[in-house]
1. Can you give the extra length, in nm with one decimal, that the chain gains between Arg144 and Lys198 once fully stretched, where that is 0.36 nm per residue apart less the Cα-Cα distance?
2. Kindly rank 200-212, 155-167 from highest to lowest mean number of other beta carbons found within 10 Å of each residue.
3. Would you mind calculating the gained length between Ser109 and Ala236 on full extension (0.36 nm times residue separation, minus the Cα-Cα distance), in nm to one decimal?
4. Could you tell me the center-to-center distance, by alpha carbons, between segment 196-226 and segment 154-170 in angstrom?
5. Any idea what the dipole of segment 179-260 comes to, in debye rounded to 20, about its Cα centre with Lys/Arg Cβ at +1 and Asp/Glu Cβ at -1?
6. Applying a 10 Å radius around every beta-carbon, put 239-246, 177-184, 213-220 in order of their mean neighbour count, most first.
7. State the extension gain, in nm to one decimal, for the chain segment bounded by Leu221 and Gln156, taking 0.36 nm per residue of separation less the distance between their alpha-carbons.
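Just so it is clear, none of the values below were taken in a lab; they were calculated from the coordinates. Nothing here was measured: the structure is a model prediction, and the numbers come from that model. Because the Cβ atoms are built from the backbone with ideal geometry, glycine has one as well, and the counts that use them run over all protein chains shown.
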Amino acid sequence: MHETVDHKDASWASVARKNKDRALTHLIRPFNSMLESTRSSLAPLSPPTNHNHRSDYSFGLSPSKPLIPSLFTLPVRSDRSNEFNPQLSGSLSLSLESVSQATLPNLQSFNAHNFPVRYGADFYTKVLDNRGLSVLLVDRRGGRSHVVAALLARRQFVSAQGAYDVYIMTVGVDASFRRSGIASMLIQTLVDKCEREKDGFLRSFVLHVHVGNPGALDLYLKNGFHLVSRAVGYYALNPDVSDPKDAWVLTRRLESMSAVSSVW
């Protein structure tokens, strides 16, 4: 189904504004003065609209300015050194955007480039069905639409009464943009959004991390998650995942949201 809506999501912007731009302040810490001068560009939350979305996952969408100031210099590090990457330092036009049919092809290309796992149609159907829990960081320099980071999540119901966990399926950042605090910013933005919109049924955040990925494990631990178990053979049927095929199971309880130590 073709959608003709603006994909910049005002609800994500309102989360950042309510939390005094905590995530953005870390992301562009060297440019705080510029951030102060562009706070007025943050989009207000518009009334929820369906736009052919399922009503329980609909956003308030508006043709607003990007959440992140559209012209700033992001200190991007390359994977092969600790030096700033000169090819990517410069004026970026970044915005937090929702997932939709229109942005799905770019998300699929991003995942294929950044993850060893190949995700099928069922995976992306779940993403679209839970679009209120997923967010993209998109660079729109020169009229292009390039996804540089993405957090994808879905509801995972745990009782017949409607209680559910938010299951984080993936958090990815393009290699050239890593070590800039973007992953933590996306995680905390999701947590803050869920806290603001809590409905009494959300129980916790849950995710799996491959045991051979200590960097990802450390990221989640720093963002308030706790390691609860090891899922033996979790990736056994996935040939794209290296041995061992086990995964760590991590959770973050809803009531712990406000008690997490600052990672900024």
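1. Values: separation 54, 0.36 × 54 = 19.44 nm, distance 3.50 nm.
Full-extension gain reported as 15.9 nm.
2. On the way: 200-212: 17.9, 155-167: 14.2.
Answer by packing, highest mean first, reads 200-212, 155-167.
3. Working: separation 127, 0.36 × 127 = 45.72 nm, distance 2.47 nm.
Value of the extension gain: 43.2 nm.
4. One Cα centre to the other: 13 Å.
5. In debye, rounded to 20, segment 179-260 gives about 140.
6. Working: 239-246: 13.5, 177-184: 19.9, 213-220: 15.2.
Peptide ranking by packing, descending: 177-184, 213-220, 239-246.
7. Working: separation 65, 0.36 × 65 = 23.40 nm, distance 2.12 nm.
Using 0.36 nm per residue and subtracting the Cα-Cα distance, I get 21.3 nm.
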